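Enquirer: Okay, here's the structure, questions in a sec.
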Amino acid sequence: MSDWIAYYEDNKQSALKRIKNMGLSPGYRKELNCWVNKYLDPFSVARVISIERRETSDPYSRIRIEAEKDLEFTLLNATRSDRISSDVIFFESNLLLLFNLMLKHIRTA
């Protein structure tokens, strides 16, 4: 396994552990876990890009927009306390940052 894949796999596992240890509502926790497993998994993202290349000229933009929208939709399962927590807002920002860094790396690899 190349070093960058191991690095992003570690990021994914760290995010999943953080979600498990945060005081989140069950529904929101489940949705965040699904998002992380879909968008912070380098194999999953690379596979989606490979499929999207057949259908669109810019698969990277398409998956980036999809990831952002899906993360916004996770909030539909969040309680009020989930939504007003600054830790949660900061964590979601970090999730998007990790995703965008991985996407950039896949694009240049």
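The values are calculated or read from the model by the stated rules, or taken from the named source; none is laboratory data. Computed from a predicted structure; not experimentally measured. Here the Cβ positions follow ideal geometry from the backbone for every residue, glycine too, while neighbour counts run over all protein chains shown. In case anyone asks, the SASA skips ligands and DNA or RNA and just uses the protein heavy atoms, side chains included. Shrake-Rupley method; radii C 1.70, N 1.55, O 1.52, S 1.80 Å.
Enquirer: Name the helices (runs of 4 or more DSSP H) wholly inside region 14-97 in which the number of residues that are of a type outside the set (S, T, N, Q), closer than 22 Å to THR108 by Cβ and touching a helix residue (DSSP H, G or I) at 6+ places or on another chain (Cβ under 8 Å) is 2 or more.
Expert: Because the criterion is at least 2 residues that are of a type outside the set (S, T, N, Q), closer than 22 Å to THR108 by Cβ and touching a helix residue (DSSP H, G or I) at 6+ places or on another chain (Cβ under 8 Å), the helices (runs of 4 or more DSSP H) in region 14-97 that meet it are 26-39, 42-53, 59-74.
Enquirer: Which residues, counting only those in region 69-102, are open to solvent by 30 Å² or more (accessible area, probe 1.4 Å), among the β-branched types (Val, Ile, Thr) and within 16 Å of the chain's Cα centre (by Cα)?
Expert: Residue satisfying the conditions is ILE89 alone.
Enquirer: Here are the criteria: (1) touching a residue at least 24 places away in the same chain (Cβ under 8 Å); (2) more than 21 Å from ALA6 (Cα to Cα); (3) of a type in the set (A, V, I, L, M, F, W, C). Tell me which single one ILE106 does not satisfy.
Expert: (2)
Enquirer: Are there any pairs with C-beta distances below 6 angstrom linking a residue in region 78-101 that is touching a residue at least 24 places away in the same chain (Cβ under 8 Å) to a residue that is surrounded by fewer than 16 Cβ atoms within 10 Å (Cβ to Cβ) and outside any helix (DSSP H, G or I), with the two at least 6 apart or on different chains, and if so which?
Expert: These pairs meet every condition: THR79/SER25; ASP82/SER25.
Enquirer: Counting just the residues of region 37-51 that are farther than 15 Å from TRP4 by Cα and polar (S, T, N, Q), which one comes out most open to solvent (accessible area, probe 1.4 Å)?
Expert: ASN37
Enquirer: Among the residues of region 8-39 satisfying the criterion of being aliphatic (A, V, I, L, M) and touching an Asp or Glu at 6+ places or on another chain (Cβ under 9 Å), which is farthest from SER81 (Cα to Cα)?
Expert: LEU32
Enquirer: In addition: If you check every pair at least six apart or on different chains, which have Cβ atoms under 7 Å apart with a residue in region 25-54 that is more than 15 Å from LEU75 (Cβ to Cβ) first and a residue that is acidic (Asp, Glu) and surrounded by 14 or more Cβ atoms within 10 Å (Cβ to Cβ) second?
Expert: PRO42/GLU9
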